[in-house]
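The values are calculated or read from the model by the stated rules, or taken from the named source; none is laboratory data. Everything quoted here is computed from the prediction, not taken from an experiment. Note that each Cβ is placed from the backbone with ideal geometry, even for glycine, and that neighbours are counted across all protein chains shown. Ligands, DNA and RNA are excluded from the accessible area calculation, which covers all protein heavy atoms including side chains. Shrake-Rupley method; radii C 1.70, N 1.55, O 1.52, S 1.80 Å.
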Amino acid sequence: VIKISDTGTGIDAAILDKIFEPFFTTKPAQMGTGLGLSMVYGIMQNHGGWVNVASSEGEGSTFELYFPRTVAAMKASTEGQPLRKVSSQPVILVIDDEPFLVDLTCRFLERSGFRAKGFTDPIEALDFFERHVEDVYLTILDMKMPQLDGRSCFQRMLEIDPQAQVAVLSGYIQDDAARTIMQEGALRYFQKPLRYSELIDWVKDRFKSTASNAE
């Protein structure tokens, strides 16, 4: 853990739980984007770590950055299970209850040369996954859905295929369920709003690693 403390004015308790949210800022217009702390939070998540903050008005603030203890532990959190063999017609599943985001994610994947299949209903997605498990290479799964939350969906996927490869999406900065699902074997955590270039680069790297592993 790395701990950074200051003796500044501190942070109002009413906004303390919002400071990691994208675009949240107390600075005047055009003086800040509100992305600095959200990027720090996202980076720590992507490396299998965590960040906490404690602050009192007039007494300063303390930020604690928790890093994986060993390189092996970090790989377990960010890479998940071993790379699986790619089907001759691999499919990437996209599961999110927002139709626009499903459509947009599928479009980006398809324009990059991947086959994508999108679902807004996780129950229908699980049915497809069970029937086409040999062809599903990767699943991109939203954490917050009304019919079935992301963690429950992930657990059912593991029952069907213990080697299921899943990346999770969340619009909540401090999402305990997302943290738990990473510990249970998810490959990667992406913070919403999603940077599609980052997603595509990661998917391409996964495919390259799989191809190299097969050789």
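Yes/no matrix, rows are residues, columns are (1) over 16 Å from the mean Cα position of the chain (by Cα); (2) charged (D, E, K, R); (3) open to solvent by 40 Å² or more (accessible area, probe 1.4 Å); (4) modelled with pLDDT under 80:
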{"site": "A29", "(1), (2), (3), (4)": "yes, no, yes, yes"}
{"site": "G60", "(1), (2), (3), (4)": "yes, no, no, no"}
{"site": "Y66", "(1), (2), (3), (4)": "yes, no, yes, no"}
{"site": "M74", "(1), (2), (3), (4)": "no, no, yes, yes"}
{"site": "T78", "(1), (2), (3), (4)": "no, no, no, yes"}
{"site": "P82", "(1), (2), (3), (4)": "yes, no, yes, yes"}
{"site": "K85", "(1), (2), (3), (4)": "yes, yes, yes, yes"}
Condition first: closer than 23 Å to R195 by Cα and not in a loop (DSSP other than H, G, I, E, B). Now tell me which residues in region 140-152 satisfy that.
I140, L141, D142, G150, R151
Considering only residues of region 197-211 that are modelled with pLDDT under 90 and surrounded by 16 or more Cβ atoms within 10 Å (Cβ to Cβ), which is farthest from L37 (Cα to Cα)?
T210
Test each condition in (1) on the phi > 0 side of the Ramachandran plot; (2) buried (at least 16 other Cβ atoms within 10 Å of the Cβ) for G113 and report the one that comes out false.
(2)
Look at Y137 and say whether it is open to solvent by 70 Å² or more (accessible area, probe 1.4 Å) and outside any helix (DSSP H, G or I).
no
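If a residue has to be in a helix (DSSP H, G or I) and at pLDDT below 85 to count, how many in region 182-196 make the cut?
Final tally of qualifying residues: 2.
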Residues of region 172-191 being over 26 Å from D127 (Cβ atoms) and open to solvent by 40 Å² or more (accessible area, probe 1.4 Å), in sequence order, are Y172, Q174, D176, R179, Q183
Taking region 157-196 and keeping residues farther than 20 Å from L101 by Cα and among the basic types (K, R) leaves R179
So K117 ticks every box in (1) within 28 Å of I43 (Cβ to Cβ); (2) touching a residue at least 24 places away in the same chain (Cβ under 8 Å); (3) among the basic types (K, R) but one. Which box is left unticked?
(1)
Condition (residue is touching a residue at least 40 places away in the same chain (Cβ under 8 Å), polar (S, T, N, Q) and in a helix (DSSP H, G or I)) applied to region 161-181: is it met by at least one residue?
no
